[in-house]
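Down below is the structure, laid out as structure tokens.
FYI, it's all coordinate maths here, none of it is from the lab. None of these values were measured; they are calculated from a predicted model. Every residue, glycine among them, receives a Cβ derived from its backbone with ideal geometry; neighbour counts consider all protein chains shown.
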Amino acid sequence: MSRPALTAERSLLGLAIRDPLCVDEHAGSIGDGDWFRPQHAALWRRMVALREDPQHARADAESWLGAVLTEAFGWGSEVDGAAYVASLAHEAHGTGQAAGYYLRAIGRASLARQVRDAAAIVVERVDQGADPAEVLAGLETAMAAMSLRASVQASPWITIGETAHQVYDETQEAQRNPESRIRRVVPTPWPKLNMLTRGGFRRGEVAILAGRPGTGKTAAAMQCAEWAAHHGGVGVFSMEMTRQALTMRELAREGRVDLTAITSGRLSPEQWRGMTQGVEVLDRRPIWIDDTPALHITQIRARAKRLADIARRDGVELRTLVIDYVQLATATVAKGENEQAVLSRISQAMVAIAKELDVAVLALAQMNRAVEGRAGERPKNSDLRGSGQLEQDAAVIVFTFRDPDSEVDTARELVLTKARHGETGGIEMRWDGSIQTLTELDPWQEERPRPRAVEEPWYGGDRD
């Protein structure tokens, strides 16, 4: 432990003993593990608890100093004794504004200790013959958690007038150049959904896309990813499907080649031309896929930050993240907490990632099995598995829906049940499974070309 860091601990505690506002402002900014001396951690914890006591919640500086020194006699050796507490108060210098400086110094020292400990564990496990891949995965999780802890800072206060000027300038720019709205909004492939959501998905927010199996949920998400790639970089966390399976679907859509032909490897010359065109198109799309299963939410954050740097080096700004799907991610919770608590942690972390990286997060989610018993009824927010936190945190919630009573097998609907900046509604769609595409129905829209069909001789049988 360096002397400057230990001095910072003593100085912060001294300020907190003399100024109760220091405790109020920074109570949640430092934890027990950040202090080098356990007695310092105990004293901070005691002062936070004392400040939460209604008797001392409104104490002024003089009353607070007297209360802490009096209580210190009861805290005893846990805080190194009342005499030590008094010495900290006596040595304190500066104002409460200096607390931020001391807090950062303590945080840096704490992070340095954690890095050293993590490195020591890695060396020890490798020397013991542990699988290097497992050791690396554990290190990545630990480093991601440390990075997340280090980035947590109090949000700066900004006057509403300053924000109003910013909004005014953005609106003025949007009037001069309608394309400028793309900077804050990520449009979708479907005009009506863009109209209902007032432009599409917004950066800094989370959108939920849910649906029962077979309704085109993943295909819809990848259509959104492909469309978003026209306006910026896109990262796809595919914890369910492999990147090869996802890319096959994209090639089918872009090349307009029947997916069955691609999966079977039996393509006609025309289909090969379509697939070649699809490869050329996808080669220009700034879309990255990570198909690692069961990622911890801190790993998702760390990898997303790394991707933002990669995209920036390639001259692209990362604007969209797709997570497929939420229930396959993991999070650290207290012992005894249930699955809903895990989903709550993941949901809150996704909001934090969206804000920190300034990206639109499109998260796919499962629906409760109870919806299967409501034949014909359109989905609602409560159908989301672990719906409480997801419903609260999402700015947009949209379902892919297939009415089991419909006589048209290709009929689908996008059901928009939450739109924080717009209005809810339904959008009639047509599903083309051969090229994994959802198309918005429009009576004035020309019929889109069909995929290049698979030639009969390779599949056998006579044409009817």
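Summary table
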| read-out | value |
| --- | --- |
| VAL123/ARG306 FRET efficiency (R0 22 Å; Cβ-Cβ; nearest 0.05) | 0.40 |
| Exposed-loop-free span, longest in the chain, where GluC sites (Glu not before Pro) count as exposed if DSSP calls them loop and at most 16 other C-beta atoms lie within 10 Å | 1-239 |
| The range 224-288 and the range 73-137: distance between their alpha carbon centers, rounded to Å | 49 Å |
| Computed over the chain, Kirkwood Rh from alpha-carbon pairs, angstrom | 26.0 Å |
| Between 0 and 90°, nearest 10: helix 339-357 axis offset from the chain longest Cα axis | 90 degrees |
| Restraint check, LYS217/LYS305; LYS217/LYS355; LYS305/LYS355, Cα-Cα greater than 20 Å | LYS217/LYS305; LYS217/LYS355 |
| Local electrostatic count, GLY233, Cβ distance below 14 Å [Lys/Arg +1, Asp/Glu -1] | +4 |
| The range 193-296: trypsin sites (Lys or Arg not before Pro) in DSSP coil with no more than 15 other Cβ atoms inside 10 Å | ARG198, ARG266, ARG284 |
| Projected label distance in nm at ASP403 and ARG183, using a 7 Å step from Cα toward the beta-carbon | 4.3 nm |
| Charge sum, other residues only, whose C-beta stays under 10 Å from HIS421's C-beta, Lys/Arg counted +1 and Asp/Glu -1 | +1 |
| Debye log10 I(q)/I(0) at q = 0.26 Å⁻¹ for the range 165-251, Cα point scatterers | -1.49 |
| For the range 161-166, Karplus couplings with θ = phi - 60° (6.51, -1.76, 1.60), whole Hz, Gly/Pro x | x, 4, 5, 4, 4, 5 |
| Efficiency of FRET between ALA411 and GLU173 - r from beta-carbon atoms, R0 35 angstrom, step 0.05 | 0.30 |
| Distant-in-sequence amide H partners of LYS418 (H built 1.01 Å from N, under 5 Å) | ILE397 |
| With Cα atoms, 0 to 90° folded angle of helix 61-75 axis to the chain main axis | 80 degrees |
| Longest site-free stretch - the chain; sites: chymotrypsin sites (Phe, Trp or Tyr not before Pro), DSSP loop, at most 15 other Cβ within 10 Å | 158-443 |
| Percent RCO, i.e. relative contact order, over the chain, from Cα pairs under 8 Å lying at least 6 residues apart | 16 percent |
| Separation of the VAL115 and ARG430 label points, Cα + 7 Å toward Cβ, nm | 5.8 nm |
